[in-house]
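J.: The following block contains the structure, expressed as C-alpha cells.
The values are calculated or read from the model by the stated rules, or taken from the named source; none is laboratory data. Please read these numbers as outputs of a predicted model, since none were measured by experiment. Note that we place each Cβ from the backbone using ideal geometry, even for glycine, and neighbour counts take in every protein chain shown.
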Amino acid sequence: MAHIEATDPNGYKPNQEIFSEILQELAAKDRDIIAVTSDSRGSGKLVPFGKKFPEQIVEVGIAEQNLVGVAAGLAAAGKKVFAVSPACFLTARALEQIKNDVAYSDNPVTVVGISAGVSYGALGSTHHSLHDFAALRCINNITVVVPADNFETAQATALAAKSNSPVYLRFGKKVMNNLKEVNDDTFAFGKGRVITEGNDAAIIACGETVYPAVQAAKLLGEQGINATVVSMHTIKPLDTGLLAKLAASCKAIVTVEEHSVYGGFGEACASYLMQHGLHKPFRIVGIPDEYTVTGSQQDIFNHYHLTKEGIAEVVKGLL
C-alpha cells in the first residue's frame, strides 16, 4: 500500500501534492499538457490526474530510459511533457537519455524527480538521490530547480509548463511549511528568494533544507547573531548576483543541501566565490561521502546535522 503523508493542520502539503494539483489545473486548460510516468503515478500523486485526464497520461512501466525517450518524442511533436519518476532512478538509470534525448536535442521536457534526496528513508542508499545535482549540473541546456515550499512548487510547476527548454524539478515527500506568511515574492528561475535578512552570516539552502535553515536563523537571532536565509531554489543557473551580494555583506557563508557534499549546490557556490575572489569563511552542510545511515528522512537529517541546531552550530563555528 502506498504511503500517504499526514495532512498538516495549517493546510500545508508535500510539494509533490502541490505539483499534482497545479498540473491538473494546467491540463484542464491545455490538452497538450502530458504526464509520462514509470509505474509511479501513486508516489507521484498523479492518480487524480490520470482519472481526470486519461488521454493526457502515458504509463511506460518500470522503464525509466523509455520514460525519457517517450517524453522527448512527445515534446518534439509539440506536447508540453512532464516526465515523472523517482529521482534516484530517473537521474541515474536514464541519465544518458536526459543528456541526449532531452538536453542535447533541446526538447522542452520537464523532468520531475520525486521522492528525492533521502525521502525514501530506510530503503537506503539505493533509493537515495544524492547525486542528481552533480550529474545534471554538468549537462548543458537544463535548468535545475529545487522548490522549498508549496508556494515555490506552484510557481515552478507553472513556469516549467511555459518553458521552451528542458527543466529538472526535484521534490521530496514530507509536508513543507511555507517559508513566509505572505508570498508576495516575484518568482523566477535563476533568482534566489531571500527569506530573512541579517549581516552576520548567510545561510543559503535549497529544497527541504531551507526550513531548518530558517529555524537555525531564529536560534541564532536569540543569541544575537543575525543571519540572512536564502532559498536558492535554482541550482542551475545559479543566482551569482545574489551570491556576490551576500559575500560582500555577510561575515560568513554556509550552504545547506540534501545531497552529497561533492559536486552539488555547495560546491557550485564555492566555485563561483573562489573564482571571483570573494573569499569568506565558508562551509558546506550536506551528506558526507559515505553510504547513509538507516532510518527515516528525519533520522538521517538528525545524524548529519541537517537540523536547526546543527546548522546554527556551523554558523557559530565560522564566526
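J.: Would you point out the residue of segment 288-319, among those that are outside any loop (DSSP other than H, G, I, E, B) and of a type in the set (Asp, Glu), that is farthest from Ile204 (Cα to Cα)? Even if it seems obvious, please write down each step before you answer.
T.: Keep residues of segment 288-319 that are outside any loop (DSSP other than H, G, I, E, B), which gives 297-303, 308-318.
From what's left, of a type in the set (Asp, Glu): 299, 309, 313.
Working: Asp299: 22, Glu309: 16, Glu313: 15 Å.
Restricting to residues being outside any loop (DSSP other than H, G, I, E, B) and of a type in the set (Asp, Glu), the top hit is Asp299.
J.: Are any residues in segment 217-243 farther than 24 Å from Ile142 by Cβ and among the hydrophobic types (A, V, I, L, M, F, W, C), and if so, which ones? Spell out the reasoning first.
T.: Within segment 217-243, the first condition is being farther than 24 Å from Ile142 by Cβ, and the residues that meet it are 217-229.
If the condition is that a residue be farther than 24 Å from Ile142 by Cβ and among the hydrophobic types (A, V, I, L, M, F, W, C), then Ala217, Leu219, Leu220, Ile225, Ala227, Val229 are the ones that fit.
J.: Sticking with this one: Just one of (1) touching a strand residue (DSSP E or B) at 6+ places or on another chain (Cβ under 6 Å); (2) farther than 28 Å from Gly124 by Cβ; (3) surrounded by fewer than 19 Cβ atoms within 10 Å (Cβ to Cβ) trips up Tyr12, so point out which.
T.: If we test Tyr12 against (1) touching a strand residue (DSSP E or B) at 6+ places or on another chain (Cβ under 6 Å); (2) farther than 28 Å from Gly124 by Cβ; (3) surrounded by fewer than 19 Cβ atoms within 10 Å (Cβ to Cβ), just (2) comes out false.
J.: OK, next. Looking only at segment 62-89, count how many residues are small (Gly, Ala, Ser), touching an Asp or Glu at 6+ places or on another chain (Cβ under 7 Å) and over 10 Å from Val36 (Cα atoms).
T.: First pass over segment 62-89, keeping only residues small (Gly, Ala, Ser): 63, 69, 71-73, 75-78, 83, 85, 87.
Those still in the list that are touching an Asp or Glu at 6+ places or on another chain (Cβ under 7 Å) too: 69, 72, 78, 85, 87.
Then drop every residue that is not over 10 Å from Val36 (Cα atoms), which leaves 69, 72, 78, 87.
Residues flagged as small (Gly, Ala, Ser), touching an Asp or Glu at 6+ places or on another chain (Cβ under 7 Å) and over 10 Å from Val36 (Cα atoms) within segment 62-89 amount to 4.
J.: Moving on. So if I check each of Lys308, Lys251, Lys316, Lys280, which one is more than 18 Å from Ala135 (Cβ to Cβ), modelled with pLDDT under 95 and in contact with a Leu (Cβ under 9 Å, 6 or more places away or on another chain)? It would help to see each step written out before you state the result.
T.: Values: Lys308 fails: modelled with pLDDT under 95; Lys251 fails: modelled with pLDDT under 95; Lys316 fails: modelled with pLDDT under 95.
None of the others qualify; the one that does is Lys280.
J.: Now for a different question. Note down all Cβ pairs under 6 Å where the first residue falls in segment 71-95 and is more than 24 Å from His131 (Cβ to Cβ), the second is among the acidic types (Asp, Glu), and they're at least six residues apart or on different chains.
T.: From segment 71-95, the pairs are Lys79/Asp32; Lys80/Asp32.
J.: Mind checking whether some residue in segment 273-283 is of a type outside the set (D, E, K, R), within 19 Å of the chain's Cα centre (by Cα) and under 27 Å from Leu136 (Cβ atoms)? Walk me through how you get there before you give the answer.
T.: Restricting attention to segment 273-283, the residues satisfying the condition of being of a type outside the set (D, E, K, R) are 273-279, 281-282.
So of that shortlist, the ones also within 19 Å of the chain's Cα centre (by Cα) come out as none.
The answer is no, given that none of the residues of segment 273-283 is of a type outside the set (D, E, K, R), within 19 Å of the chain's Cα centre (by Cα) and under 27 Å from Leu136 (Cβ atoms).
J.: Looking at Ala92 and the list (1) under 20 Å from the mean Cα position of the chain (by Cα); (2) hydrophobic (A, V, I, L, M, F, W, C); (3) surrounded by 21 or more Cβ atoms within 10 Å (Cβ to Cβ), which single condition is not satisfied?
T.: It is condition (3) that Ala92 fails.
J.: In addition: When you go through Lys236, Lys218, Lys251 one by one, which is the residue that is in contact (Cβ under 8 Å) with a residue 12 or more places away in the chain, under 24 Å from Asp299 (Cβ atoms) and among the basic types (Lys, Arg)? Reasoning before the result, please.
T.: Details: Lys236 fails: under 24 Å from Asp299 (Cβ atoms); Lys251 fails: under 24 Å from Asp299 (Cβ atoms).
Of the residues listed, the single one that is in contact (Cβ under 8 Å) with a residue 12 or more places away in the chain, under 24 Å from Asp299 (Cβ atoms) and among the basic types (Lys, Arg) is Lys218.
J.: Going through Leu246, Leu242 one at a time, which residue ends up being of a type in the set (A, V, I, L, M) and either surrounded by fewer than 23 Cβ atoms within 10 Å (Cβ to Cβ) or touching a Phe, Trp or Tyr at 6+ places or on another chain (Cβ under 7 Å) (or both)? First the steps, then the outcome.
T.: Numbers: Leu246 fails: either surrounded by fewer than 23 Cβ atoms within 10 Å (Cβ to Cβ) or touching a Phe, Trp or Tyr at 6+ places or on another chain (Cβ under 7 Å) (or both).
Answer to the selection: Leu242.
J.: Report, ordered by the first and then the second residue, all pairs with beta carbons closer than 8 Å, sequence separation of six or more or different chains, a first member in segment 131-145 that is at positive phi, and a second member that is crowded, with 21+ Cβ neighbours inside 10 Å and part of a loop (DSSP other than H, G, I, E, B).
T.: Hits for this filter: Asn141/Pro166.
This table checks each residue for (1) crowded, with 18+ Cβ neighbours inside 10 Å; (2) at pLDDT below 95; (3) closer than 30 Å to Glu290 by Cβ.
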site: Ile142; (1), (2), (3): yes, no, yes
site: Val145; (1), (2), (3): yes, no, yes
site: Ala161; (1), (2), (3): yes, no, no
site: Lys173; (1), (2), (3): yes, yes, yes
site: Phe189; (1), (2), (3): yes, no, no
site: Ile203; (1), (2), (3): yes, no, yes
site: Gly207; (1), (2), (3): yes, no, yes
site: Tyr211; (1), (2), (3): yes, no, yes
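J.: Follow-up. Which fully enclosed helices (runs of 4 or more DSSP H) of segment 41-140 have 1 or more residues being within 20 Å of Ser296 (Cα to Cα) and among the aromatic types (Phe, Trp, Tyr)? Break it down into steps so the answer makes sense when it comes.
T.: Numbers: elements: 47-52, 64-76, 87-90, 132-137.
Once the helices (runs of 4 or more DSSP H) in segment 41-140 are filtered for at least 1 residues that are within 20 Å of Ser296 (Cα to Cα) and among the aromatic types (Phe, Trp, Tyr), what remains is 87-90.
J.: Take the conditions assigned to a strand (DSSP E or B) and in contact with an Asp or Glu (Cβ under 8 Å, 6 or more places away or on another chain) and apply them to Val285. Does it pass? Before the answer, list the steps.
T.: Working: assigned to a strand (DSSP E or B): yes; in contact with an Asp or Glu (Cβ under 8 Å, 6 or more places away or on another chain): yes.
Yes.
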